[in-house]
Amino acid sequence: MQKLPNYIRANATPKVLQTLACASEGFALKAAAEGDGKKIRSFSMTAYTGAAMNIMGFYRPVVVDLQGLSVPSQRVAILKDHDSAQIVGHTESVEVTAQRIKLEGSLSGIGGAAAEVAGTADNGFPWQASIGASVQKAEYVEAGQSVTVNGRKFTGPITVVRAASLH
């Protein structure tokens, strides 16, 4: 395994990793709790399954080593398309297991993105979740070499994110 070439190496300005459609287990929206005065709905989702992803800017598949993922806060913004102008809600619980990132939280957004997610989920739309993370350390696995990450074996060429911070 080698360090990443300069054009994709994590450096003083952390590379932002935004995964796209990486969770196969999706998003579950629950009914609003009754009797608390507020009608805020809750959700649960798997945001990452530990598998390899194709991410723009990395030029090869990427897998995030969940052992090296830090979670600075249990409260993480949930944004549609990773866009801070499209607030859907926030998490109240972030659970990182050997092969998954599972989130639970509230659909606390009040704008169009939250309404769209709620409405389409109610109509059966199969939302998929993804993560955003700042990469602190990554390595390149060359073609033909293999590496085990998150309990799975991957064959290069692949980028393994060994340290990152969830956001």
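The values are calculated or read from the model by the stated rules, or taken from the named source; none is laboratory data. For clarity, every value in this text was computed on a predicted model and none was experimentally measured. Counting neighbours? That spans all protein chains shown, and the Cβs are built from the backbone with ideal geometry, glycine included. Quick note on the areas: whole protein, heavy atoms, side chains included, nothing else; ligands and nucleic acids left out. Shrake-Rupley method; radii C 1.70, N 1.55, O 1.52, S 1.80 Å.
Here are a few things to note about the model shown:
- Residue match in region 131-151 (condition: modelled with pLDDT under 95, touching a Gly at 6+ places or on another chain (Cβ under 7 Å) and closer than 22 Å to SER42 by Cβ): no
- In region 143-166, residue nearest to PRO61 (Cα to Cα) [restricted to those that are open to solvent by less than 20 Å² (accessible area, probe 1.4 Å) and under 17 Å from the mean Cα position of the chain (by Cα)]: THR159
- Residue in region 57-79 that is in a helix (DSSP H, G or I), open to solvent by 30 Å² or more (accessible area, probe 1.4 Å) and modelled with pLDDT of 95 or more present: yes
- Top-ranked residue of region 80-91 - restricted to ones that are free of Cβ contacts under 8 Å to residues at least 24 places away in the same chain and in a strand (DSSP E or B), ranked as least open to solvent (accessible area, probe 1.4 Å): THR91
- Single residue of ILE110, ILE55, ILE101, ILE78 found to be within 18 Å of ASN150 (Cα to Cα) and hydrophobic (A, V, I, L, M, F, W, C): ILE101
- Sole exception among (1) open to solvent by 50 Å² or more (accessible area, probe 1.4 Å); (2) modelled with pLDDT of 95 or more; (3) among the aliphatic types (A, V, I, L, M) for ALA31, by number: (2)
- In region 96-142, the residue that is surrounded by the fewest Cβ atoms within 10 Å (Cβ to Cβ) out of those that are in a loop (DSSP other than H, G, I, E, B) and among the aromatic types (Phe, Trp, Tyr) is PHE125.
- Any hit, region 40-47, residues being outside any strand (DSSP E or B) and modelled with pLDDT under 95: yes
- Residue in region 122-129 that is at pLDDT below 95 and either small (Gly, Ala, Ser) or within 14 Å of ASP65 (Cα to Cα) (or both) present: yes
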